[in-house]
1. Read through the list (1) open to solvent by 90 Å² or more (accessible area, probe 1.4 Å); (2) assigned to a helix (DSSP H, G or I); (3) not polar (S, T, N, Q), then give the number of the only condition that Gly43 fails.
2. Could you go through segment 104-120 and let me know if any residue there is at pLDDT 70 or above, open to solvent by less than 60 Å² (accessible area, probe 1.4 Å) and within 19 Å of the chain's Cα centre (by Cα).
3. Please specify each residue of segment 119-133 satisfying the condition of being assigned to a helix (DSSP H, G or I) and either touching a helix residue (DSSP H, G or I) at 6+ places or on another chain (Cβ under 6 Å) or aliphatic (A, V, I, L, M) (or both).
4. Enumerate the pairs (first residue in segment 134-148 and within 18 Å of Pro84 (Cβ to Cβ) and modelled with pLDDT under 85; second residue anywhere and of a type in the set (Lys, Arg) and in a helix (DSSP H, G or I)) with beta-carbon separation below 6 Å, excluding pairs fewer than 6 apart on the same chain, so at least 6 apart or on different chains.
5. Out of the residues in segment 55-90 that are assigned to a loop (DSSP other than H, G, I, E, B), over 26 Å from Cys134 (Cβ atoms) and not aliphatic (A, V, I, L, M), state the one that is least open to solvent (accessible area, probe 1.4 Å).
Amino acid sequence: MDLAPQNRALVTHQAPDFAELLGLIRAGHAGAVRQLHRFLSPGVRFLLQRRMGRNDVDREVQSVLDAAIHTIQTDISVQAGEVPRMVRRLIQQECLGQTKPAAETGASAGPQQRVVEGILDGMSPVEREALRRCYVLGEAPESFLETLRLTPHEFRAIRGRARAEFSSRKAKTNVA
């Protein structure tokens, strides 16, 4: 049995040309919107399931894809190479929106949250903002280092100190 034709079909299947697809979406072509949905949906579903720890994420997948389409249609500065990063950021925002802070739910903060808050309280506002933008908002450090007046080396040092402090405090709470 010759499997070559099937394998060739898999090899020739490529991702859509995002630059062309963005232009068509901005021009209002419904087919381009459906094509972007079909292409992004499996990855968005996978990431949401992993982050949220459950399989029923249909509503969240639709919300992320709708937000991505809306951003592409309204923000002409979005370039083809930025689509994956933008979608990951939207996934993070969707996951953050699904988990309410302990103060809103009436629950008390868990030990890990208290450790993180304690570490952040001991940092400067610039350090807190850099970590928030990187880990909470999912921004690439290159996008905010200049505005915060940090060098890449300084950011790596901030991140290293925060990780070391977190590991140290986490070890202390596990021993106790």
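1. Single failed check for Gly43: (1).
2. No, segment 104-120 has no match at all.
3. Taking segment 119-133 first, the residues assigned to a helix (DSSP H, G or I) are 119-121, 125-133.
Residues satisfying the conditions are Ile119, Leu120, Val126, Glu127, Arg128, Ala130, Leu131, Arg133.
4. Short answer, once both residue conditions are applied: Gly138/Arg88; Gly138/Arg89; Glu139/Arg133.
5. The first filter runs over segment 55-90 and keeps only residues assigned to a loop (DSSP other than H, G, I, E, B), leaving 55-57, 75-79.
After this cut, where a residue has to be over 26 Å from Cys134 (Cβ atoms) as well, the list is 55-56, 76.
So of that shortlist, the ones also not aliphatic (A, V, I, L, M) come out as 55-56.
Details: Asn55: 124, Asp56: 102 Å².
If we take residues in segment 55-90 being assigned to a loop (DSSP other than H, G, I, E, B), over 26 Å from Cys134 (Cβ atoms) and not aliphatic (A, V, I, L, M), then Asp56 is least open to solvent (accessible area, probe 1.4 Å).
The values are calculated or read from the model by the stated rules, or taken from the named source; none is laboratory data. Worth saying up front: this structure is predicted, and the values here are computed from it rather than measured. Backbone-built Cβ (ideal geometry, glycine too); neighbour counts: all protein chains shown. Quick note on the areas: whole protein, heavy atoms, side chains included, nothing else; ligands and nucleic acids left out. Shrake-Rupley method; radii C 1.70, N 1.55, O 1.52, S 1.80 Å.
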